[in-house]
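Working notes for the structure below.
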Amino acid sequence: MLPIGQIAKRTGLAVSALRFYENEGLIKAVRTEAGQRQFKRADIRRVSFIKIAQGFGFTLPEIKQRLQSLPDARTPNARDWRVISEEFRTALDARIAVLTRMRDDLDGCIGCGCLSLEKCRLYNAGDAVASKGTGAQLL
């Protein structure tokens with residue numbers, strides 16, 4: 001078991017960040033008789049996993065969901081990482097596709113010059129009713 005200060009030093013996170021992770025259910029401390037937080041040595045890897053996942057743009061609730069899928073709240077092992085990394089890859093590929101479409105629409109928008117919030121494919125994406133004209137069409 002390691003005190004919170006050592007976990008902070010080893011992971012490069014502030015003690016307050018570790019407390020926040022604990023409050024969010026991402027890591028779990030054991031309290032000493034004096035009330036000090038102690039963490040398993042494996043929590044260093046768990047915190048590292050959290051930092052890596054955040055670097056990929058995943059939210060803490062998304063990260064928590066993946067960590068909760070592990071038995072006994074353990075740290076991801078190599079087999080777990082293969083499964084999780086495939087999930088990450090799928091999610092990242094979807095984000096890349098969305099960003100690519102946004103970038104391509106932006107190129108078209110810059111060229112069009114309409115600056116119309118009613119007709120803009122970026123501002124009002126997927127507007128199937130636009131072809132029927134301006135104003136309220138469904139009343």
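Just so you know, all these numbers are worked out from the coordinates, no wet-lab data involved. The shown structure was predicted, so the numbers you read here are calculated from the model rather than taken from an experiment. Here the Cβ is made from the backbone with ideal geometry for all residues, glycine too, and neighbour counts use every protein chain on show.
Loop-located trypsin sites (Lys or Arg not before Pro) across the range 1-100 with a Cβ neighbour count of 16 or fewer within 10 Å are LYS28, ARG41, ARG74, with loop assigned by DSSP. If you plug the beta carbon distance of GLN54 and GLU33 into 1/(1 + (r/R0)^6) with R0 = 41 Å, you get a FRET efficiency near 0.75. Of all lysines in the structure, those lying under 26 Å Cα to Cα from LYS51, and not within fewer than 8 positions of it along the same chain, are LYS9, LYS28, LYS40, LYS64.
Can I get the semi-axes of the range 1-57's equivalent ellipsoid? Compute them from the C-alpha gyration tensor as square roots of 5 times the eigenvalues, in angstrom, largest first.
Numbers: eigenvalues 76, 24, 18 Å².
Equivalent ellipsoid of the range 1-57: 19, 11, 10 Å, largest first.
Note on ASN77 and VAL98: the model spin-label points, each 7 Å out from Cα along the C-beta direction, lie 3.4 nm apart. Along each principal axis, taking the top coordinate minus the bottom one, the Cα set of the range 1-102 gives 55, 27, 20 Å in descending order.
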